[in-house]
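Inspection log for the structure reproduced underneath, given as structure tokens.
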Amino acid sequence: MIQMQDVYKVFERKGVTNEALKNINLTVNKGDIFGVIGYSGAGKSTLIRLVNYLERPTKGRVLVDGKPLDLFDTKQLRAMKKNIGMIFQHFNLLESKTVFDNVAIPLVLTKTPKTDIQQRVTELLEFVGLGDKAKSFPNELSGGQKQRVGIARALASNPSILLCDEATSALDPQTTRSILQLLKRINEEYNITIMIITHEMSVIQEICNRVAVMEKGEIIEQGTVLEVFGKPKHPTTKNFVRTVIQDSMQSNMKELIQRQSAQQRHQLDANQQIQIYKLEFVGEHASEPIIHTLYRKYVNVQLNILFANMTEIQSTTLGHMVIQLKGNNEDIQEAVAFLEDKGVTIREVKE
Amino acid sequence: MFSTSITLNQFIVAIQETLVMVGVSLLIGSLIGIPLGILLVVTRPGGVLESKLFYSVLNPIINIVRSLPFIILLVAIIPFTRMLVNTSIGTSAAIVPLTIYIAPYIGRLVENSLLEVKEGILEAAESMGATPFQVIRYFLLPEALGSLILTLTTATIGLIGATAMAGVVGGGGVGDLAISFGYQRFDTFVIVVTCIILVIIVQGVQSLGNYLARKARRN
């Protein structure tokens, strides 16, 4: 649906060049809710503006529906833009026009007959839950309501792609959630492909199925949300994931355990030892009674759960656990092998 | 103080002359100035119809005309005025320099008003695939309407001030009355009455402008 091939974007201002995007390659498939996350200045805004050619790439190619945008003339670009809706962080509604007229604008631009406009706008306002606000002005609405108007306006021309530029960044958490639910409905009911840029990991967690992580103009990691959340590789990605998933102990807890195990070590028999492991469960492994089996089967190993957390992403459960095993080296190794066999990712934690 | 050499009728004629000069030059000046302001905004770097050549020619021309004090412009363009209206004296002769004076002024004010329209609105317009004409018609002008009304109010008041100098070319009006009777013939009464009339007119124009602008902003 959307493809970017070796895209570079360089801004030049007063002789100073700034490479906003470097070597961008990404594909957004039809029906995706594709999230792009990064800190401010990472180049996300420039990236999303390439899709409807508000920004043109300095090098490389952007394809929408398989068609390269650089081959389009002005008229074709305008037609293409009608197939792509866009919503903004600050809504960008016309303050001088009513909610109805704001939503009607894209239709007025295409010279749609008045009766059709009336019908379509009414229908859209019902869909976004603002059926009673048609005659209000934007400054009489709350932030969430304004974004709903923005969404209705973006949908007016029946697009197949919706671009969301930090659409929830100016909203409180509760309003954010309701807007995200609305976006999900749009994706499901109208089969509209959605591309979202954000700096909030919770947005990605809530509705995206695929994600790209950006830093300094580059995509440093991309894949399904489950992959990226489950096994973040880049430190920046890990930082983002940590904002929504707690995958390790808090530091005061850590200190306590370190002190305890140091004490215990003095009292250990010669062939006994204490090891700490970090476990990761994905999907059905998270709901199997693995720990129970471990406890029952390996009676010579003393099991102590230090930390556990479950998170749901894309209706798949992601579990994180830190355990302490005490026993003979062989027994511990057997227990670890059992966990690996059950599909649990296990990693020894050195203190 | 109440002994005066002019009649009520002279006052009424003078007010009429002022209104005609302001009205006609405001109308023609707006017809030239508003498109001028729009052109300045759309052809500037980054505008929807960016044109370096056009902008870099238009911009200094406006500055040149704007830098001439009205009293100098008035006499400097007498040949042009004569060519246009076949006379260099009288109310219609005053309207030509008034128009040339006010059109670039309106152009500048309109430019400022339109530049106040938030960048995001234009980005939204562009994302909808609006043509440059549609951007102006459906986004720029409606969003700037309130500010444009205040702009024209300011221009009108500036114009009322300028008409006082129209007496130089026999243009008449209340300003001329004040100079030729009040000042040159020491008729204090005329000066006082003229001032009162001008204050009332300016207050009225400003209040009307404020009212209309408020209405435009909140419909």
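The values are calculated or read from the model by the stated rules, or taken from the named source; none is laboratory data. A quick note: this is a predicted structure, and the numbers were derived from the prediction, not measured. Note that we place each Cβ from the backbone using ideal geometry, even for glycine, and neighbour counts take in every protein chain shown.
Every condition in (1) of a type in the set (S, T, N, Q); (2) touching an Asp or Glu at 6+ places or on another chain (Cβ under 7 Å); (3) more than 30 Å from A:Met4 (Cβ to Cβ) is met by A:Gln89 except one, and the failing one is (3). For the range B:121-138, the tally of residues that are more than 7 Å from every other protein chain (Cβ to nearest Cβ) and either buried (at least 20 other Cβ atoms within 10 Å of the Cβ) or in contact (Cβ under 8 Å) with a residue 40 or more places away in the chain (or both) stands at 5.
Can you find a residue that is buried (at least 19 other Cβ atoms within 10 Å of the Cβ), more than 10 Å from chain B (Cβ to nearest Cβ), closer than 18 Å to B:Gly129 by Cβ and of a type outside the set (A, V, I, L, M) anywhere in the range A:54-73? No, there is no match, as no residue in the range A:54-73 is buried (at least 19 other Cβ atoms within 10 Å of the Cβ), more than 10 Å from chain B (Cβ to nearest Cβ), closer than 18 Å to B:Gly129 by Cβ and of a type outside the set (A, V, I, L, M). Using the structure shown, decide if A:Phe127 is more than 24 Å from B:Tyr138 (Cα to Cα) and among the aromatic types (Phe, Trp, Tyr). Taking the combined requirement at face value, the residue satisfies it. With respect to A:Lys278, determine if the residue is touching a residue at least 12 places away in the same chain (Cβ under 8 Å) and either touching an Asp or Glu at 6+ places or on another chain (Cβ under 7 Å) or not hydroxyl-bearing (Ser, Thr, Tyr) (or both). Answer is yes for this residue. A single member of A:Arg78, A:Arg120 is part of a helix (DSSP H, G or I), surrounded by 14 or more Cβ atoms within 10 Å (Cβ to Cβ) and away from chain B (no Cβ under 13 Å), and it is A:Arg120. Applying the condition of being more than 28 Å from the chain's Cα centre (by Cα) and of a type in the set (Gly, Ala, Ser) to the range A:81-117 and asking which residue is nearest to the other protein chains (Cβ to nearest Cβ) yields A:Ser96. Criterion applied to A:Leu21, A:Leu26 was being touching a strand residue (DSSP E or B) at 6+ places or on another chain (Cβ under 6 Å) and surrounded by fewer than 22 Cβ atoms within 10 Å (Cβ to Cβ), and the one residue passing it is A:Leu26. Counting only strands (runs of 3 or more DSSP E) that sit wholly inside the range A:1-51, those with at least 2 residues that are without any contact (Cβ under 8 Å) to a residue 24 or more places away in the chain are A:2-13, A:16-28. Meeting the requirement of 2 or more residues that are under 27 Å from A:His199 (Cα atoms) and in contact with a strand residue (DSSP E or B) (Cβ under 6 Å, 6 or more places away or on another chain), the strands (runs of 3 or more DSSP E) wholly within the range A:238-351 are A:272-282, A:302-313, A:316-328. The residue that is farthest from the other protein chains (Cβ to nearest Cβ), among those in the range B:198-219 that are farther than 30 Å from A:Phe137 by Cβ and buried (at least 18 other Cβ atoms within 10 Å of the Cβ), is B:Leu198.
Each row is one residue, and each column tells you yes or no for (1) basic (Lys, Arg); (2) surrounded by fewer than 16 Cβ atoms within 10 Å (Cβ to Cβ).
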position	(1), (2)
A:Gln174	no, yes
A:Gln181	no, yes
A:Arg185	yes, yes
A:Asn191	no, yes
A:Met195	no, no
A:Glu200	no, no
A:Val203	no, no
A:Met214	no, no
A:Ile219	no, no
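Within the range B:94-120, the set of residues being among the hydrophobic types (A, V, I, L, M, F, W, C) and surrounded by fewer than 19 Cβ atoms within 10 Å (Cβ to Cβ) comprises just one member, B:Leu115.
Do we find that B:Leu152 is assigned to a helix (DSSP H, G or I), in contact (Cβ under 8 Å) with a residue 40 or more places away in the chain, farther than 30 Å from A:Ser45 by Cβ and within 18 Å of the chain's Cα centre (by Cα) in this structure? It is true that B:Leu152 is assigned to a helix (DSSP H, G or I), in contact (Cβ under 8 Å) with a residue 40 or more places away in the chain, farther than 30 Å from A:Ser45 by Cβ and within 18 Å of the chain's Cα centre (by Cα). Given the conditions (1) modelled with pLDDT under 90; (2) out of contact with any Pro (no Cβ under 8 Å at 6 or more places or on another chain); (3) of a type outside the set (Phe, Trp, Tyr), report the number of the one that A:Asn187 does not fulfil. So A:Asn187 meets the others, but not (1).
Among residues belonging to the range B:154-166 that are hydroxyl-bearing (Ser, Thr, Tyr) and crowded, with 20+ Cβ neighbours inside 10 Å, point out the one that is farthest from the other protein chains (Cβ to nearest Cβ).
If we take residues in the range B:154-166 being hydroxyl-bearing (Ser, Thr, Tyr) and crowded, with 20+ Cβ neighbours inside 10 Å, then B:Thr163 is farthest from the other protein chains (Cβ to nearest Cβ).
If the condition is being closer than 21 Å to A:Gly327 by Cβ and among the hydrophobic types (A, V, I, L, M, F, W, C), then the range A:282-304 contributes A:Ile290, A:Ile291, A:Leu294, A:Val299, A:Val301, A:Leu303.
Among (1) more than 17 Å from B:Gly172 (Cα to Cα); (2) surrounded by 14 or more Cβ atoms within 10 Å (Cβ to Cβ); (3) at pLDDT below 90; (4) not polar (S, T, N, Q), which single condition is B:Ile38 missing? Tallying (1) more than 17 Å from B:Gly172 (Cα to Cα); (2) surrounded by 14 or more Cβ atoms within 10 Å (Cβ to Cβ); (3) at pLDDT below 90; (4) not polar (S, T, N, Q), B:Ile38 fails exactly one: (3).
Sub-6 Å Cβ pairs linking a first residue in the range A:74-85 that is closer than 15 Å to A:Thr193 by Cα to a second residue that is in a helix (DSSP H, G or I), at least 6 apart or interchain, are A:Gly85/A:Ala154; A:Gly85/A:Leu155, ordered by first then second residue.
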